[in-house]
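K.L.:
Let me give you the structure first, and then I'll get to my questions.
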Amino acid sequence: MCGIVGYTGPRSCVEILVDGLRRLEYRGYDSAGVAIQAGGDIAIRKSQGKIARLTDLIARKPVAGTCGIGHTRWATHGRPSDENAHPHRVGRVAVIHNGIVENHRTIKERMIAKGRTFCSETDTEVISHLLDEYVSAGLPLEEAVRKAVAELRGSYAFLAVTDREPGTLVGVRLNCPMVVGMGEGEFFLASDLTAFLSHTRDVLFLEDGEMAIATPAGVRITDFSGKRRERPNQRIDWSPAMAEKGGYRHFMLKEIHEQPRAILDTLAGRMLPESGEVFFETLPLTGEQLSRLKKVTLVACGTSWHAAIVGKFMIEGMARIPVEVDLGSEYRYRDPVVEEGTLCVAISQSGETADTLAGMREAKGKGATTVSICNVVASTIARESDGVIYTHAGPEIGVASTKAFTTQLVALYLMALHLAQARKVLTSGEISLHLIDLAELPRKIEEFLKREPEIAAVARKYKDARDFLYLGRGISYPIALEGALKLKEISYIHAEGYPAGEMKHGPIALIDERMPVLVLCAKGESYEKTFSNLEEARSRGGRLIAVGTEGDDLLREKSEDAIFLPPCGRYARPILEVVPLQLFAYHMAVLNGTDVDQPRNLAKSVTVE
Ligand code: M6R
């Protein structure tokens, strides 16, 4: 996610802003920039690439002032480039922004009709145009911001300055973080407090729907209607390392907790539950072409491959198109048959995985249309595919993939519905029910995450086990694979994921009291059958950890430990089911003292064969 920092006070602010941006580097970014109020004007310095390029630019074209804003951009709308880098100056204002303006196209069209021209591909630029329109008409910046937010839909935190009001900084928060730092006659506004912790530890966190108006004389907090909000500052005693992780001990844990937000962002602007409609503007095929597709091939590696297997259940189940799933490293060398009417979907968080890229190129070379599901904007796979669906998970820093996985599942769910819609396999009423299920997921995950201590307690019980078996059936089978992979990669404990029905064909021989068995046994289409597999493991002396549906007393009785999830639909269930497995792996790793965020021998992005 983008990093935001603003300053107003008596000191020269360029160094303060650049230093703040450096402290936000861990969030991941592809460009950086500052806007400084200087001599009745606003000076912009911005550049694609690392902060070092920005500082070179500032050294070549110096700028000075005591009020300004700075930004590191993680591309979501528009590729990484100088033009798309923030701040976005339009007329009298400059804006930096984190989040997504969902209705940016509608606002942009309206602005273009009024004769305004746009210089970037970003959604942010519409905020600058809106503010400039109001400020140029004579409104104070604070009022202009208030009028603009009434028109914006989506999730955003932004900072704005104008050349008309030296020393004034206005910040807004709606579903994206923003915090105020209170210094002596100087104030900071930032996306996270790491940016200014070396200057002040007195802070005030903005709540959704609030604005901060800062000048060297003080800060005022209001709601979007202008009503004053008052509350005391907080004193923060986090270390800088803790602050980077938002107070969490590890990035992985932070990212697990970011999943509700990441899912909301991935859904944003792509669905209308009321009318049962799904939108993907970035798919290269028309509705007509989609309806004539003969086959979908999903290619991926690691966790993304597990997402692909879930995707097969979703696409075949809802859109009724045959789906094949392959590992990038296998697909590229097996001389696959690619028939006319094949859509190849490459799934990759980083968008740089060598085997996935080679698999996608193989399919493309043989005539398939290609689409990618990527998290990193303008990555190689995203650029080389004919169309791309971005997951808006934000930067994933922990090597073990968590929020990238759940957002891949959300993207695949939406894609399956989109195909079902184009092929008229599901009615809009049926699609609507699926979308409601999807829309409820962030809240359900949020609620479940509050029960983390329960999972930590289960992990404490099993921390010394050296082998685990994870079982799941149908759409839960890839979740068993994913749960086992999470445990392996961060705790170095051996774990095997298996389709529950296959247990009796071999792995059952392994089961004894030293090999705990984790069974995904939620209420649903294969509940009874999975329950029988659980009984089989139990009667061989296996210690059972069950993940089931709230209210299932029988499951509680039959298993040594049971973790319960709220009920949900068939295709949303895997997205919920993986969360306890992520937390379990995390706590097992912490208890075993491993390096959770950078496990041995692993890289975040595997760009070699
Ligand atoms: O960036 P990608 O999604 O293409 O990466 C694929 C795998 O390398 C990745 O999922 C890996 O398995 C992770 N460490 C899983 O946590």
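K.L.:
Considering only region 380-408, state which residues are within 11 Å of the ligand (Cβ to nearest atom) and either surrounded by fewer than 23 Cβ atoms within 10 Å (Cβ to Cβ) or without any contact (Cβ under 8 Å) to a residue 12 or more places away in the chain (or both).
P.N.:
Matches in region 380-408: THR380, VAL399.
K.L.:
Among ILE112, ILE100, which is surrounded by fewer than 24 Cβ atoms within 10 Å (Cβ to Cβ) and either in a strand (DSSP E or B) or of a type in the set (Phe, Trp, Tyr) (or both)?
P.N.:
ILE100
K.L.:
What do you reckon, is THR607 assigned to a loop (DSSP other than H, G, I, E, B), within 16 Å of the ligand (Cβ to nearest atom) and at pLDDT 95 or above?
P.N.:
no
K.L.:
Among the residues of region 205-222, is any open to solvent by less than 20 Å² (accessible area, probe 1.4 Å) and under 23 Å from LYS254 (Cα atoms)?
P.N.:
yes
K.L.:
Does region 225-238 contain at least one residue that is assigned to a helix (DSSP H, G or I) and not charged (D, E, K, R)?
P.N.:
no
K.L.:
Restricting to region 379-412, and then to whatever is of a type in the set (Val, Ile, Thr) and in a loop (DSSP other than H, G, I, E, B), can you tell me which residue is modelled with the highest pLDDT?
P.N.:
THR402
K.L.:
When you scan region 103-112, do you find a residue that is within 25 Å of GLY185 (Cβ to Cβ) and not assigned by TED's automatic domain parsing to the domain that holds ILE389, even just one?
P.N.:
No, because not a single residue in region 103-112 is within 25 Å of GLY185 (Cβ to Cβ) and not assigned by TED's automatic domain parsing to the domain that holds ILE389.
K.L.:
Continuing with the same structure: Residues of region 440-456 being touching a strand residue (DSSP E or B) at 6+ places or on another chain (Cβ under 9 Å) and either among the charged types (D, E, K, R) or open to solvent by 50 Å² or more (accessible area, probe 1.4 Å) (or both), which ones?
P.N.:
LYS444, ARG451, GLU454
K.L.:
ILE479: assigned by TED's automatic domain parsing to the domain that holds LYS529, of a type in the set (Val, Ile, Thr), within 16 Å of the ligand (Cβ to nearest atom) and closer than 23 Å to GLY524 by Cβ, yes or no?
P.N.:
yes
K.L.:
Here's something else I'd like to know. Among residues belonging to region 231-257 that are modelled with pLDDT of 85 or more and over 20 Å from LYS403 (Cβ atoms), point out the one that is surrounded by the fewest Cβ atoms within 10 Å (Cβ to Cβ).
P.N.:
PRO232
Yes/no matrix, rows are residues, columns are (1) out of contact with any strand residue (DSSP E or B) (no Cβ under 9 Å at 6 or more places or on another chain); (2) in a helix (DSSP H, G or I):
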residue: ASP132; (1), (2): no, yes
residue: LYS147; (1), (2): yes, yes
residue: ARG173; (1), (2): no, no
residue: VAL180; (1), (2): no, no
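K.L.:
Within the bounds of region 281-299, is there any residue that is in a helix (DSSP H, G or I), crowded, with 21+ Cβ neighbours inside 10 Å and within 16 Å of the ligand (Cβ to nearest atom)?
P.N.:
No.
K.L.:
Sort out which residues of region 326-342 are in a helix (DSSP H, G or I) and within 13 Å of the ligand (Cβ to nearest atom), and write them in order of number.
P.N.:
GLY328, SER329
K.L.:
Further question on the same structure: Within region 343-352, does at least one residue satisfy the condition of being charged (D, E, K, R), modelled with pLDDT under 95, open to solvent by less than 20 Å² (accessible area, probe 1.4 Å) and within 14 Å of the ligand (Cβ to nearest atom)?
P.N.:
Scanning region 343-352 turns up no residue that is charged (D, E, K, R), modelled with pLDDT under 95, open to solvent by less than 20 Å² (accessible area, probe 1.4 Å) and within 14 Å of the ligand (Cβ to nearest atom).
K.L.:
Suppose we keep only residues that are among the aliphatic types (A, V, I, L, M) and open to solvent by 10 Å² or more (accessible area, probe 1.4 Å) within region 457-476. Which one would you say is farthest from the ligand (Cβ to nearest atom)?
P.N.:
ALA457
K.L.:
Can you confirm whether region 561-575 contains a residue that is outside the structural domain of ILE315 (by TED's automatic domain parsing) and under 17 Å from ALA400 (Cα atoms)?
P.N.:
From region 561-575, those outside the structural domain of ILE315 (by TED's automatic domain parsing) are 561-575; that's our starting set.
Retained after the next criterion (residues that are under 17 Å from ALA400 (Cα atoms)): 575.
Yes, region 561-575 contains at least one residue that is outside the structural domain of ILE315 (by TED's automatic domain parsing) and under 17 Å from ALA400 (Cα atoms).
K.L.:
Yes or no: GLY311 surrounded by fewer than 21 Cβ atoms within 10 Å (Cβ to Cβ), assigned by TED's automatic domain parsing to the domain that holds GLY398 and in a helix (DSSP H, G or I)?
P.N.:
Considered against the rule, which asks whether it is surrounded by fewer than 21 Cβ atoms within 10 Å (Cβ to Cβ), assigned by TED's automatic domain parsing to the domain that holds GLY398 and in a helix (DSSP H, G or I), GLY311 comes out as no.
The values are calculated or read from the model by the stated rules, or taken from the named source; none is laboratory data. What you are looking at is a predicted structure, and each value in this text was computed from that prediction instead of being measured. For neighbour counting, all protein chains shown are included, and Cβ atoms are generated from backbone atoms with ideal geometry for every residue, glycine included. Side chains are part of the model used for accessible areas, which takes the heavy atoms of the whole protein and leaves out ligands, DNA and RNA. Shrake-Rupley method; radii C 1.70, N 1.55, O 1.52, S 1.80 Å.
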